[in-house]
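The values are calculated or read from the model by the stated rules, or taken from the named source; none is laboratory data. What you are looking at is a predicted structure, and each value in this text was computed from that prediction instead of being measured. Virtual Cβ from ideal backbone geometry, glycine too; neighbours counted across all protein chains shown. The protein model used for the area step is the full one, side chains on, heavy atoms only, and it has no ligands, DNA or RNA in it. Shrake-Rupley method; radii C 1.70, N 1.55, O 1.52, S 1.80 Å.
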Amino acid sequence: MQQNYRFQLLAPPETPSGGAFGRPNIDKQLYDHFLSSVQRLRGSVYLKDGAIQESELDDERRFSMPGDKRSWHFLLVDPSQEVIGGARYLVHSNTVSFDQLRVRHSALANDPKWAGRVRQAVENDLRIARQNNYSYVEIGGWALAEEWRGTRAALEILVASYALAHLWGGCLGACAATARHGSSSILRRIGGASFEVAGEALPAYEDSQYGCQMELLRFDCRTPSKRFVPLIAQLRGKLAGLSILRPAETTLWHKSPAWAAARPAYQLA
């Protein structure tokens, strides 16, 4: 399929001006349009996959996730200004505690057998993030219109995680990836890996909320698959000049979690 879309970045309202991205565009109406569009896409895709129920959609058939308005969103937008793909990034300061993360509420983190090891694995990465002055990011909310699966668009949505992490000054993170459509295996090929404790990988688990098998994967901006390094560099160049869209001005930028957008871009080795 011919590439007929553009990138759009939505930023949380507390994101400071300047940094690695282009001039911020403050437009609440446009921000709300794109956020609603990606939420409708999510609703359509997740409902068809059986991951959610009809009752979980709102009156506009949107599927909202907790933290949507505190997250960054990487979007693919078609010429009609509708979102055909997207992913979200809830970016935290590396001072965040395990109990403040969404991963704390995953099924595996609440399994009596594995809860302690999930906590230990994530806290190990939080220590690494603090040592390197990296942010910690929770990645999720992936959605792609069915007709775009198996195209370059699908790859760009996943690989963009690394490009954005470099622009934010470096990140470690976590994502809960479904085995549906081979998503978790694709993420592994790009660079995702199992969390491990004492050499033992955390297992896949059944997620009753989404009705499928999931894997909790770790993300480290320093270790993408080497074959994708050129594409990461290419996307980083495109995203660095991209104007971010946020809903409002704020005077609380100094309290924002990462601040990442105000830090120098992390450089690929």
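Kindly provide the set of residues from the stretch 10-65 that are β-branched (Val, Ile, Thr) and modelled with pLDDT under 95, ordered by number.
THR15, ILE26, VAL45, ILE52
So SER183 passes all but one of these: (1) outside any strand (DSSP E or B); (2) buried (at least 16 other Cβ atoms within 10 Å of the Cβ); (3) touching a helix residue (DSSP H, G or I) at 6+ places or on another chain (Cβ under 7 Å); (4) at pLDDT below 90. Which condition number does it fail?
(3)
For the structure I just gave you, tell me whether GLU215 is at pLDDT 85 or above, within 21 Å of GLU123 (Cβ to Cβ) and out of contact with any strand residue (DSSP E or B) (no Cβ under 8 Å at 6 or more places or on another chain).
Spelling it out, it is not the case that GLU215 is at pLDDT 85 or above, within 21 Å of GLU123 (Cβ to Cβ) and out of contact with any strand residue (DSSP E or B) (no Cβ under 8 Å at 6 or more places or on another chain).
Of all residues being in a loop (DSSP other than H, G, I, E, B) and surrounded by 14 or more Cβ atoms within 10 Å (Cβ to Cβ) in the stretch 66-81, which is modelled with the lowest pLDDT? Just the residue, please.
GLY67
Tell me, which residue of the stretch 192-237 that is of a type in the set (Val, Ile, Thr) and in a helix (DSSP H, G or I) is least open to solvent (accessible area, probe 1.4 Å)?
ILE232
Quick test for you: out of GLU146, GLU156, pick the one residue that is within 23 Å of ALA20 (Cα to Cα) and either among the hydroxyl-bearing types (Ser, Thr, Tyr) or touching a residue at least 60 places away in the same chain (Cβ under 8 Å) (or both).
Result of the check over GLU146, GLU156: GLU156.
Does LEU57 fit the bill of being among the aliphatic types (A, V, I, L, M) and either touching a residue at least 24 places away in the same chain (Cβ under 8 Å) or open to solvent by 30 Å² or more (accessible area, probe 1.4 Å) (or both)?
Judged against the criteria, LEU57 is not a match.
Take the residues in the stretch 23-54 that are open to solvent by 70 Å² or more (accessible area, probe 1.4 Å) and assigned to a helix (DSSP H, G or I); name whichever of them is nearest to GLN213 (Cα to Cα).
LYS48
What pairs come out if I take residues in the stretch 179-200 that are aliphatic (A, V, I, L, M) and pair them with residues that are open to solvent by 50 Å² or more (accessible area, probe 1.4 Å) and part of a helix (DSSP H, G or I) whose C-beta lies under 6 Å away, six or more apart or interchain?
VAL197/ARG117; VAL197/GLN120
Which one of the conditions (1) within 26 Å of GLN213 (Cα to Cα); (2) assigned to a loop (DSSP other than H, G, I, E, B); (3) open to solvent by less than 60 Å² (accessible area, probe 1.4 Å) does THR15 fail to meet, given that it meets all the rest?
Looking at each condition in turn, THR15 falls short on (1).
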